[in-house]
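A short worksheet on the structure shown next.
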Amino acid sequence: MKKIFLPLLSLALLSAACTNDETPLNQDEKGNALQPLSIQAAVLAPQSVLPETRAIVYGTEFPINAEIGVHVALGAATDADGNKGAPGTPYSDSYFTNQMFKFNGSVWTPNADYNLSSDKGTVYAYYPFDADARFNTPGIATIPVFIQPSGDITVKNGSSATDNVNSNDAIITPAANEKDFMYYAPGASRAVVSNRQHSAVLTMQHALAQISFRVIKASNYPGAGNFTGYDIYDTNNATDLIIVSANSSVMSIVDGTLTIDTPVAGNITRNIIGYQLGTNLAQATIVSNLVFPVSSIAPEELSVRLHIDAADYTATLPVTVGASDTWTAGKNYLYSVTLNGTGIEVTSVSIADWENVD
């Protein structure tokens, strides 16, 4: 059997579309030529990214060596009959139901050839790749999902910084062990592939929310401003909004829906290494963490405790109806904090799709 292996296409911007040109086929003995599946993946977000990113994915481009999981289900929703592209029906018994594609900075390459026949297949995808995920049972189309309740953030300033830089040239620093869960979020319809259209453009969407703090010291603050950590928690333990762990929680690869099983409330804690506060808000390093989305936040329900110069400073997180009264998947909630001679003040909160804008 002769195979045609076309080069993988380079990463496309979100506006890119699949070509409708048909590929000439070399028929095998069954009259059914196989073609390798080609993937292009980008993130639904409006800014660029540095290739060294290892934790939370920022911007429209994945970091080098990122791995996504791709599942092709048999059929298409527009077919008159067949499986309608339901994720529980594998495309072929001959191939994996969970295919890993790895990014080298320009193209996505599968860890094994995934060849498409003349049968139509519907594409599903998620990030990060989970080698144990299988989607060959009807109704099963999820992967395990979790957040990192605690972790260390190492701040690197100046020319040695290898963290993300936002549109205002501020460094964004998460903990190294965080996992940014994403799913393929199609527009009008999901990608359909076959040996005549064997490339797919995938737009990935974040399933978790992100919380960020930008902290400065005022001119009347007498200390050095050594920022060594923070805790986010339910004020007076009155609510259970901060979910830190859950058993068997999953994310749908179809639409990113999170199912939180047996949630456990608690604090989200970050230790910070190498961060001395400055006085310029626009250039302050932004420290971040991921959280499960929260559908409703009332005033004074959530608080933050900052550890600065061996002292604790506490403030409730401000709530604006219609803006910061939820933590929505795919949104980054950036809280700006000023440390003065008497305590801390949360001066503003801005919300964006993984982009920090005052």
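The values are calculated or read from the model by the stated rules, or taken from the named source; none is laboratory data. Model, not experiment: these values are computed from the prediction. Because the Cβ atoms are built from the backbone with ideal geometry, glycine has one as well, and the counts that use them run over all protein chains shown. Note: areas computed on protein heavy atoms with side chains; ligands, DNA, RNA excluded. Shrake-Rupley method; radii C 1.70, N 1.55, O 1.52, S 1.80 Å.
The residue of the stretch 323-341 that is farthest from Pro299 (Cα to Cα), among those that are open to solvent by less than 10 Å² (accessible area, probe 1.4 Å) and over 15 Å from the mean Cα position of the chain (by Cα), is Leu339. Inspection of the stretch 147-155 identifies at least one residue that is under 18 Å from Gln276 (Cβ atoms) and either of a type in the set (S, T, N, Q) or at pLDDT below 75 (or both). What's the total number of residues in the stretch 125-146 that are within 17 Å of Ala191 (Cβ to Cβ) and in a loop (DSSP other than H, G, I, E, B)? So the count comes out to 2.
For every residue, the table says whether it meets (1) part of a strand (DSSP E or B); (2) modelled with pLDDT under 80; (3) of a type outside the set (A, V, I, L, M, F, W, C).
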{"residue": "Ala77", "(1), (2), (3)": "no, no, no"}
{"residue": "Gly85", "(1), (2), (3)": "no, no, yes"}
{"residue": "Phe101", "(1), (2), (3)": "yes, no, no"}
{"residue": "Val123", "(1), (2), (3)": "yes, no, no"}
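Evaluating Ser212 against the criteria (1) part of a strand (DSSP E or B); (2) open to solvent by 40 Å² or more (accessible area, probe 1.4 Å); (3) small (Gly, Ala, Ser) leaves one unmet condition, (2).
Residue pairs whose Cβ atoms lie under 9 Å apart, sitting 6 or more positions apart in sequence or on different chains, and linking a residue in the stretch 108-128 that is touching a residue at least 12 places away in the same chain (Cβ under 8 Å) and within 20 Å of Val192 (Cβ to Cβ) to a partner that is in a loop (DSSP other than H, G, I, E, B) and of a type in the set (Asp, Glu), are Lys120/Asp79.
One line per residue, one yes/no per condition, for (1) touching a residue at least 40 places away in the same chain (Cβ under 8 Å); (2) in a loop (DSSP other than H, G, I, E, B); (3) within 24 Å of the chain's Cα centre (by Cα); (4) more than 19 Å from Ile153 (Cα to Cα):
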| site | (1), (2), (3), (4) |
| --- | --- |
| Thr279 | yes, yes, no, yes |
| Ala282 | yes, yes, no, yes |
| Val287 | yes, no, yes, no |
| Leu290 | yes, no, yes, no |
| Ile297 | yes, yes, yes, yes |
| Glu300 | yes, yes, no, yes |
| His307 | yes, no, no, no |
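Among the residues making up the stretch 313-322, a single one is open to solvent by less than 30 Å² (accessible area, probe 1.4 Å) and either assigned to a loop (DSSP other than H, G, I, E, B) or of a type in the set (Asp, Glu) (or both): Leu317.
Inside the stretch 221-254, residues that are closer than 29 Å to Pro128 by Cβ and either in contact with a Cys (Cβ under 9 Å, 6 or more places away or on another chain) or not in a strand (DSSP E or B) (or both) make up a count of 8.
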